[in-house]
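Only one structure is covered here, and it is reproduced in the block below.
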Amino acid sequence: DQQVKQNSPSLSVQEGRISILNCDYTNSMFDYFLWYKKYPAEGPTFLISISSIKDKNEDGRFTVFLNKSAKHLSLHIVPSQPGDSAVYFCAAGSGGGADGLTFGKGTHLIIQP
Amino acid sequence: EAGVAQSPRYKIIEKRQSVAFWCNPISGHATLYWYQQILGQGPKLLIQFQNNGVVDDSQLPKDRFSAERLKGVDSTLKIQPAKLEDSAVYLCASSLAGTSGGGSPSHNEQFFGPGTRLTVL
């Protein structure tokens with residue numbers, strides 16, 4: 001069973017507009033959520049995280065929103081830039097993030113000029 | 001700061017052969033993870049070490065996979081014998097989790113190496 005779901009395999013957004021990537025989870029024990037970005041032939045790169053005690057975390061152009069009651073989180077990228085084109089993975093963990101992570105299948109974000 | 005190092009980057013073997021992957025985590029990181037990423041999927045945790053002890057190996061196929069982390073630094077992951085379905089990218093990650101003074105969530109971020117792409121023919 002998939003405990004972390006990213007239902008959009010791909011997303012195309014125009015440069016300068018907002019990109020919104022979505023993620024749903026089922027395990028109530030998850031207390032730490034992360035977004036990773038991955039380019040081909042490279043390992044995932046940490047982007048931003050959020051603890052379950054918060055509902056929003058912001059870092060520059062990236063903001064993650066957490067809705068615990070809906071078991072849903074989203075990543076907003078504003079404004080979107082060509083270098084943002086990559087596969088984005090949503091991940092969740094327990095133990096404040098110390099435990100191994102459970103990943104979604106990823107969303108391929110394509111930023112169009 | 002040097003990142004997580006992995007070798008080899010690519011490996012092609014025939015089924016029933018054995019293979020080993022090596023990982024050198026970021027200096028000072030107590031916790032080391034091995035993930036398997038099959039094409040089109042997200043990474044799946046295989047095993048987690050804290051220093052040289054195993055924290056979680058519940059998803060490691062122990063009949064053919066083994067891993068060790070001697071001296072709490074470098075780690076090796078071995079597959080013997082390999083099957084066709086083992087074709088995947090094997091990712092190593094490390095974090096400060098479990099490190100003295102590293103208990104806050106921000107210290108638990110996992111940093112990934114470039115991975116080893118294994119093809120089993």
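The values are calculated or read from the model by the stated rules, or taken from the named source; none is laboratory data. Since this is a predicted model, take the numbers as computed values, not measurements. Here Cβ is always computed from backbone atoms with ideal geometry, including for glycine, and neighbour counts include all displayed protein chains. Remember, those area values only see protein heavy atoms, side chains included, never the ligands or the DNA or RNA. Shrake-Rupley method; radii C 1.70, N 1.55, O 1.52, S 1.80 Å.
Of all aspartates and glutamates in the structure, those lying under 19 Å Cα to Cα from B:K62, and not within fewer than 8 positions of it along the same chain, are B:E85, B:D86. Evaluated with a Cβ-only charge set (Lys, Arg +1; Asp, Glu -1), the range A:27-73 carries a dipole of roughly 120 debye about its Cα centre, given to the nearest 20. Taking GluC sites (Glu not before Pro) in DSSP loop conformation with at most 13 other Cβ atoms inside 10 Å as exposed sites, chain B has its longest uninterrupted site-free stretch at B:15-121. The mean count of C-beta atoms from other chains within 10 Å of the C-beta of residues in A:28-38, rounded to a whole number, is 2. Annotation: A:K68 carries an accessible surface of approximately 110 Å², with a 1.4 Å probe and no ligand, DNA or RNA atoms counted.
Karplus-based coupling profile of the range A:75-81, in residue order and whole Hz: 10, 10, 10, 9, x, 6, 10, with θ = phi - 60° in 6.51 cos²θ - 1.76 cosθ + 1.60 and x standing for Gly or Pro.
Derived scalar couplings between HN and Hα for the range B:39-48 equal 3, x, 10, x, x, 10, 5, 9, 7, 10 Hz in order, rounded to whole Hz, by the Karplus curve 6.51 cos²θ - 1.76 cosθ + 1.60 (θ = phi - 60°), x for Gly and Pro.
Take every Cα pair under 8 Å whose residues are at least 6 apart in sequence, average their separation, divide by the length of chain B, and the relative contact order is 36 percent.
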